[in-house]
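*Asks:* Handing you this structure, nothing more for now.
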Amino acid sequence: MMDAQTLVDRLGEIVGPQNVLSSQMDLMLYSYDASPEKGMPDVVVLPGSTEEVSKIMVLAHKEKVPILGRGSGTNLTGGTIPVQGGIVVHFSRMNRILDLDIPNRTVTVEPGIITLDLQTEVLKKGFVYQPDPASQKVSTIGGNIAENSGGPHCLKYGVTSNHIQGLELVLDDGTVVETGGKAWDEPGFDITGLFVGCEGTLAMVTKAILKLERAPEAVKTMLAVYETIEDGANTVSAIIAEGIIPATLEMMDNRVMRAVEETIHAGYPLDAAAVLIIELDGMPQGMEECALKIMDICKENNVREVKLAKDEAERATLWAGRKGAFGAVGQVRPSYQCCDGTVPRTKLPEVLNKVIRIGEKYNLPIGNVFHAGDGNLHPLIMFDERDPEEKARVQKAATEILKACADAGGTISGEHGVGLEKLRETSFIFCETDLAFERTLKQAFDPNNIINPGKMIPEAVC
């Protein structure tokens, strides 16, 4: 690989020297994401166009320099850690809405746009881009595409892949290709689907065509309070079994509620074992009847209290608590590891009990806040990463939690990906033949293994 200064100079010729970062301080700032992992890049480059991204990829391909794309670095599994050094392509300058096409209900954007900024703009036209990861205030569309992000509304509306109609991609040698488009059901292989959720290991996304939906005419948000977390989990299954699909079914336990109340003051009851946030949206006709039915189901499952948000301000406060939960636990311990295993809804009580026992076994505080509607758990294992012995216990606990999810008929990730963190745990859900097939796909698109190397697919077993 060429020396670092020559690499900096060559990149400066492509994007301008002011858009290349190479000081020790700059590189340190791009050496981590929201996971406990770290790795130093050799250089950070901020392109302003697809053409510049293509030229950067040509250079990396020719010189066989590792390269990866990055947005806000909210990834929770080490997916944006430059484990082999090389180039970090930061998309903060490519953050525009390129085409808001209301007649076709699409919006075309660059990858660096902040998710909430996009949602705010389209809402002004009466439309919604539905995927809503809890990190939406800071996460980017490019990162959401790489991880196939979900969010509270994924129960009713699906994850990111359900809302991507087309992509512009820069391949390993700098070739620019387009997949999908504004028209639905194009013939041929679903190439777009291959890249959504590939964790940035196959190409760079430089544009995305996203599906829009009409903003709902009515919304009702309820907070159900439970004395046991099992009763809350059973309520989730009962609501779905009744044929009701709320927009969201979100749950958090007492440990997380206490952390949230210390910082956000959302009004959660500190003496309860768990709360369930239930939200309905859609047409106003029939919504009241549906809400009453849900309240009846809650009562049948030993709910202590069900409160209906009386206005938008109260609804916003309830959601601020949920979406600020990850940040709030920082006051309990300085670090956390999030295991986003997913299980069948009916297995929630069983697996949650196992999570509690695993925390006790390793003497680690674990808080639970999760997308209960689709069984996507988010056990937050809280620890101090400066303590090597405690960090080792965290890794063992995380592995056992993911094994419990897989054994229950679930999987090791619902939306955060494999990244670096779960490479070993892929064996819980894939055999070596499965992984060999994934390596073949990676080889086809990236024969030199320079695009975000070391992520998602473990090395072959010799």
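The values are calculated or read from the model by the stated rules, or taken from the named source; none is laboratory data. Just so you know, these numbers come straight off a predicted model, no measurement behind them. Don't worry about glycine lacking a Cβ; one is built from the backbone with ideal geometry, like all the others, and counts go over all protein chains shown.
*Asks:* Report, ordered by the first and then the second residue, all pairs with beta carbons closer than 8 Å, sequence separation of six or more or different chains, a first member in region 141-157 that is on the phi > 0 side of the Ramachandran plot, and a second member that is part of a helix (DSSP H, G or I).
*Replies:* These pairs meet every condition: Asn148/Thr160; Asn148/Ser161.
*Asks:* Take the residues of region 35-53 that are crowded, with 22+ Cβ neighbours inside 10 Å and of a type in the set (A, V, I, L, M): which is farthest from Pro388 (Cα to Cα)?
*Replies:* Restricting to residues being crowded, with 22+ Cβ neighbours inside 10 Å and of a type in the set (A, V, I, L, M), the top hit is Val53.
*Asks:* Just name the residue that is surrounded by the fewest Cβ atoms within 10 Å (Cβ to Cβ) out of those in region 360-399 that are among the β-branched types (Val, Ile, Thr) and at pLDDT 95 or above.
*Replies:* Per the stated criteria, the residue is Thr399.
*Asks:* A follow-up question, please. For the subset of region 16-75 comprising residues that are charged (D, E, K, R) and touching a Phe, Trp or Tyr at 6+ places or on another chain (Cβ under 8 Å), which member is farthest from Ile97 (Cα to Cα)?
*Replies:* It comes out as Lys38.
*Asks:* Continuing with the same structure: Name the residue, out of Glu279, Glu199, Glu250, that is on the phi > 0 side of the Ramachandran plot, modelled with pLDDT of 95 or more and surrounded by 20 or more Cβ atoms within 10 Å (Cβ to Cβ).
*Replies:* Just one listed residue meets the conditions, Glu199.
*Asks:* Same structure again: So which pairs qualify, if the first residue must be in region 165-181 and assigned by TED's automatic domain parsing to the domain that holds Ser49 and within 17 Å of Leu68 (Cβ to Cβ), the second must be assigned to a strand (DSSP E or B) and modelled with pLDDT of 95 or more, the Cβ gap must be under 7 Å, and the two must be at least 6 apart or on different chains?
*Replies:* Final answer for the pair search is none.
*Asks:* Residues to consider are Thr140, Thr120, Thr175; find the one that is surrounded by 15 or more Cβ atoms within 10 Å (Cβ to Cβ) and among the hydroxyl-bearing types (Ser, Thr, Tyr).
*Replies:* Thr140
Yes/no per residue for (1) farther than 24 Å from Phe445 by Cα; (2) in contact with a strand residue (DSSP E or B) (Cβ under 8 Å, 6 or more places away or on another chain):
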{"residue": "Leu7", "(1), (2)": "no, yes"}
{"residue": "Gln18", "(1), (2)": "yes, no"}
{"residue": "Leu27", "(1), (2)": "yes, yes"}
{"residue": "Ser35", "(1), (2)": "yes, yes"}
{"residue": "Met40", "(1), (2)": "yes, no"}
{"residue": "His61", "(1), (2)": "no, no"}
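*Asks:* Answer with yes or no whether Asp311 is charged (D, E, K, R), in the same structural domain as Thr235 (by TED's automatic domain parsing) and at pLDDT below 95.
*Replies:* Answer is yes for this residue.
Residue-wise test of (1) at pLDDT 95 or above; (2) over 23 Å from the mean Cα position of the chain (by Cα); (3) assigned to a helix (DSSP H, G or I).
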| site | (1), (2), (3) |
| --- | --- |
| Val275 | yes, no, no |
| Arg304 | yes, yes, no |
| Trp319 | no, no, yes |
| Arg322 | no, no, yes |
| Arg333 | no, no, no |
| Ile358 | yes, yes, yes |
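*Asks:* Given the residues Leu352, Leu364, which is the only one that is within 16 Å of Asp253 (Cβ to Cβ) and touching a residue at least 40 places away in the same chain (Cβ under 8 Å)?
*Replies:* The match here is Leu352.
*Asks:* Continuing with the same structure: Name the single residue, out of those in region 234-272 being in a strand (DSSP E or B) and closer than 22 Å to Gly359 by Cβ, that is farthest from the chain's Cα centre (by Cα).
*Replies:* Asp253
*Asks:* Within region 91-105, work out how many residues are buried (at least 22 other Cβ atoms within 10 Å of the Cβ) and in contact (Cβ under 8 Å) with a residue 60 or more places away in the chain.
*Replies:* 1
*Asks:* State yes or no: is Met222 crowded, with 20+ Cβ neighbours inside 10 Å and more than 24 Å from the chain's Cα centre (by Cα)?
*Replies:* Here the answer is yes, as Met222 does meet what is asked.
*Asks:* Okay, moving on. What's the total number of residues in region 202-219 that are assigned to a strand (DSSP E or B), surrounded by fewer than 23 Cβ atoms within 10 Å (Cβ to Cβ) and out of contact with any His (no Cβ under 8 Å at 6 or more places or on another chain)?
*Replies:* The qualifying residues number 5.
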